[in-house]
Structures are given as C-alpha cells and as structure tokens.
Amino acid sequence: MISGDPFTYTWLFTDFPRSDRVVLEANTDYWNKERGPRLEKVVYVNDIHPAVALEKVCNTEGEIDIVSEVSPADARKVVDSEHANLITVDALRVVSGLINRNAEFMNDLRVRRALNLAVDRDRLIDEVFQGYAHPVAALALPYSCWAPDGLEPYPHNPGEAKRLLSEAGWSEGRALRLAATSDVTAVAEHLAGDLRDSLGVEVETIIIPDEDLISAQRTLVEKNCPYRSTFWSTPGSTSRPDIRRRSSTASTFIPWARSAPGLPCPSSRS
C-alpha cells in the first residue's frame, strides 16, 4: 500500500465493506480445555448502530449481551443500569496533537513548548474523558517496552507558556488554527479553550467532516497541511488515522492522554 518512499502512499482505502454479522461456533476439539471454549456460539452483530446496541444492553435483558466499546460520556449510563456491568481494561488509544512545523512560528521550539504547557491534561481527563484516561508523556504507553524511563508529561503552566510564546515573537492578534477529526470534537473544543485561556490568543477550530477524512489524511501525508495543529484519536498502532510515523520528519506530537483504565466495556449482568 506504500511506495518505495515510506512517506508517500501509493493507494488509500476508500471502501472496506463489512458483513452484517460474524458467527463463531465452538471448536470442541480445541486442545487446551482450560481455555475453553465455554460458549457454544458467538454472534457479532455489525449492522446495529452503537447507540442502539448500548440502549439494548443497558435497558433490556438478553437481546445484546456485550457492547465492546463505550465512550466515557456513556459510561455513567452503564453504571446506572440494572441490566449491565461496566468492565474497564487497559486501552491502547492515545489522543495526541500534531504540530505542523511547516507553518509559520511552529518550527520554533519555544512555541511548541508553550502549546504543551498551555494544556491542562488533568482537567481534560476529568471533564472530557470522565476520568477514564491517564496523562502520558509520549506516544509509547507507560507499560510498553518503548516507554522512555523517567519522562513525565508537561505540567500545566500558563504563565511560562505565555512567556515563551511572547519570547518567540508571536504577534498580537495572530490566531491559532486547530483542526480535528469529528470523533475528537469534544477534545478539540476543550483544548481550544485551554489555549485561549493560557496563551491569550484566538483559536479557530475546524472540524474535518467524515467524508473529507481521506483527503485530509492525504494532505498530512504529503505535508501540505494548512493548519498549525491537528488532533487525532489514535487507537493502538494500526487503526486509522494512524499517520503519525509517516509524518515524523515534519511534525511534532503532543501526547495528552491514553484511555485508561480503559474504554468502558458494558456486559449484561449474569
């Protein structure tokens, strides 16, 4: 899917249809009887909207047994349900910011540090992720073998952030343009507020429509991004829009939070 140049795509996925359901039946001849199988059949239903599935697992008994991923905003609905339990697991999703170093001022280390210091990660986690996340200092998760030893997230220091931005020559009245995919709209809006309050600059937030996601990814890969900062939700190391490794030479990442103790997963009560 990529050419000899690792920073250039040859092809981009534009259509990847899914079947309406996947049915698994137990292999009774499986060699390890301690591991299972413990169920005769598992049916993955792919043609039901996540909101509908969540409603069924929380408010009915037996129609849907498990919903595999729930947003932190919906976690309280599961906790309050008489039919469902909330199970949390360590997640691989990291929400990070990408700084377009080709944009004016963004190649200045003082500006990039100012953006890091301007973000109140703890408040972001409490108010947007409802506590279901932890601050991180790098894209490598703290429990991974690639995590740097002793590295701590930037503290929230608005005074120092504003000083660095002024020292770098950021002119009064210059706005910061921030782009985000639709799945992290709440994160982008919260961060825009932090940047306004901490740095005293106007922030223009652009939410990229889902139908424009492919072209936006291409723009980033080709390093023609018109925005000074872009925010992605990056699950694991392979899910879309995982383009961070292919932009590392011209971009700087601000890791803010990883979902943990994990994205909530509701299951029907036994």
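Each value in this text was obtained by applying a stated rule to the coordinates, not by laboratory testing. Here the structure is a predicted model, which is why all the values come from computation and not from measurement. Because the Cβ atoms are built from the backbone with ideal geometry, glycine has one as well, and the counts that use them run over all protein chains shown.
Here are some notes:
- Linear extension gain, residue 32 paired with residue 197, 0.36 nm per residue minus alpha-carbon span: 53.6 nm
- Three-way shape label, segment 11-68, alpha-carbon gyration tensor, a/c 1.5: oblate
- Long-range HN-HN contacts of residue 178 with modeled amide H, under 5 Å: 204, 205, 206
- Compared with the direct C-alpha span, the chain from residue 76 to residue 182 gains 35.9 nm at full extension, assuming 0.36 nm per residue.
- Table column - 3J(HN,Hα) (Hz), segment 137-151, Karplus curve with 6.51, -1.76, 1.60, x for Gly and Pro: 9, 7, 5, 6, 5, x, 8, 8, 6, 8, 5, x, 5, x, 7
- The label-point distance for residue 49 and residue 14, in a model that sets each label 7 Å from Cα toward Cβ, rounds to 2.8 nm.
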